[in-house]
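Enquirer: Before anything else, here's the structure in question.
FYI, it's all coordinate maths here, none of it is from the lab. Owing to the predicted nature of the structure, the values given are computational and were not obtained by experimental measurement. Note that each Cβ is placed from the backbone with ideal geometry, even for glycine, and that neighbours are counted across all protein chains shown.
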Amino acid sequence: MGYSGWAPGQLEVELAEKAWIVGDLDAKYIFDKSIADDDLWKHAIRGTGGKNSLLANSPKDPKLN
């Protein structure tokens, strides 16, 4: 379907630029069968706290907002 990859050092640069939202995800969410796969990201982003947690309420298709 497609390809995703990084050139040497690219990921480190992107992390330094804060292009990625990095956080810890409690393993209970990964193994909780009551959480739909589509909703796992919402739980993960809420766990980062602050303004990033607001992204959990974003529509799947931002054009529908």
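Enquirer: Check the stretch 25-35 and report whether any residue there is in contact (Cβ under 8 Å) with a residue 12 or more places away in the chain, more than 13 Å from the chain's Cα centre (by Cα) and at negative phi.
Expert: Checked against the condition, which is being in contact (Cβ under 8 Å) with a residue 12 or more places away in the chain, more than 13 Å from the chain's Cα centre (by Cα) and at negative phi, the stretch 25-35 yields at least one hit.
Enquirer: Which pairs do you get when a residue that is over 11 Å from residue 21 (Cβ atoms), found in the stretch 38-65, comes within reach of a residue that is part of a loop (DSSP other than H, G, I, E, B) and aliphatic (A, V, I, L, M), reach meaning Cβ atoms under 8 angstrom, with the pair 6+ apart or on two chains?
Expert: So the pair list comes out as 43/25; 43/35.
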